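The values are calculated or read from the model by the stated rules, or taken from the named source; none is laboratory data. All of these numbers come straight from a predicted model, not from anything done at the bench. Counting neighbours? That spans all protein chains shown, and the Cβs are built from the backbone with ideal geometry, glycine included.
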Amino acid sequence: MPASHRILFRIALLSSLTATQLPLHPTQPTIAQPPTRLPSTQPTFPKAIQVVAKLQELPGNITVTPSGRIIVSLHQFASPQYRVMEWLPQRQQLVPFPNATWASGRKADSNKGLDEVLGIQADLQGIVWMLDNGGRTEAPPQLVGWNTNTNRLDRILPIPKPLASDRTFLNDLAIDSDRQMAYIAETAMGNAAPAILVVNLKTGHTRRLLSSHPSVSPEAVELAVEGQPIQIKQPNGQLVKPRIAINPIALDGKNEWLYYGPMSGKRLYRIRTADLRNEALTPDQLGRAVQDYAAKPNCDGISIDQAGNIYISDFERNAIGVIRPDRTYQTIAQSPELSWIDAFSFGPDGYLYTVANQLHRTAALNAGQSTLQPPYLILRLKPLAQGIVGR
């Protein structure tokens, strides 16, 4: 099957994901829910937001290393030649990362190379962790760490069956450098169960947790941007409005809490990382440890600074929002130029970086018709407080 057909097949599976297809965990979060209203400021485009780069290639996620290198994954919707690239400010261009050989793909029977990468995050040691779904060549998923200090492969951690399947979609990740742990948002496709994968980066030991729990499952809400619904055109021509499971995922500054939620959903949840690491807990016990934290809009990526402010990619409103430590929501930037804010990353220069990739205008999410208008943007803004570099 050609790569483009495989991607369309995966999109079709994703489009069939609905809340009613997912069995819900019998226990609900027990803490009181914060207000559901999302107050916001008037639409603005603050001068504090700076355009770092204008790209012709469609970016996915972004990370900034401790040394200031800007790395982006290229979105699989565009079938890019290079899966991951680095922005070179001095030359004003993208170059393959970590090199052209690794970035240009891998064979189905090999673990060398990058096949289909979206989630990407640098840790404090300068290792860039790349979440390779393997969807273009049907290669098995794996987590690849590349050391930017030595320019060498650090390690490859396979994610085999039954932890992953042909309906797996490993969307995003959060890295705990101190404990050498990774937490992966497994969005899943079709009627597959979404979950959180917990990976020991030292041993590769991986567990699939909170499978089909309400906190990782999509709600019965529609996605729409600029007044247009998100619609996926099935192979038979039918248009489907997808409901997408867990996508936003981030650790707090002390690595004590993991915050996450469905893309299609109005609630943000959290759970103690100690509970996720505790293999003695039963699924019911772990489910009861989940806390309903705050109201949120439908969103893509999130990031958290060291004061507890949670930055939200409010893509439906062309905006960036923040959930304050008192659990209230505020819009801090809004403009047509913030066209589908996707992921965030704190840089060593004190800025919070993000990408605006117009994902709703891709043929994949726009009923089979592309209305993309390059350039796509790498942006940065001053956060309310400092964050951990790479996240």
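Observations
- Residue list for segment 214-237, filter: closer than 15 Å to SER264 by Cβ and assigned to a loop (DSSP other than H, G, I, E, B): PRO214, SER215, VAL216, SER217, PRO218, GLU219, ALA220, VAL221, GLU222, LEU223, ILE230
- Residues in segment 70-120 that are charged (D, E, K, R), in a loop (DSSP other than H, G, I, E, B) and within 21 Å of GLN56 (Cβ to Cβ): ARG83, ARG91, GLU116.
- Residue under evaluation ASN133, criteria (1) within 16 Å of the chain's Cα centre (by Cα); (2) at pLDDT 95 or above, criterion not met: (2)
- Residue, surrounded by the fewest Cβ atoms within 10 Å (Cβ to Cβ), within segment 112-132, restricted to residues that are touching an Asp or Glu at 6+ places or on another chain (Cβ under 9 Å) and more than 22 Å from THR354 (Cα to Cα): GLY113
- Listed by first and then second residue, the pairs with beta-carbon distance under 8 Å, at least 6 apart or on different chains, first residue in segment 84-99 and over 23 Å from LEU131 (Cα atoms), second surrounded by 13 or more Cβ atoms within 10 Å (Cβ to Cβ) and of a type outside the set (Phe, Trp, Tyr), are PRO89/VAL52; PRO89/ALA53; PRO89/ILE70; GLN92/ALA53.
- Note on segment 214-236: residues that are touching a strand residue (DSSP E or B) at 6+ places or on another chain (Cβ under 8 Å) and not hydroxyl-bearing (Ser, Thr, Tyr) total 11.
- Filtering segment 80-126 to residues that are touching a helix residue (DSSP H, G or I) at 6+ places or on another chain (Cβ under 7 Å) and over 21 Å from ALA53 (Cα atoms) leaves GLY113, LEU114, GLU116.
- On inspection, LEU276 passes the criterion of being in contact (Cβ under 8 Å) with a residue 12 or more places away in the chain, in contact with a Phe, Trp or Tyr (Cβ under 9 Å, 6 or more places away or on another chain), surrounded by fewer than 22 Cβ atoms within 10 Å (Cβ to Cβ) and outside any loop (DSSP other than H, G, I, E, B).
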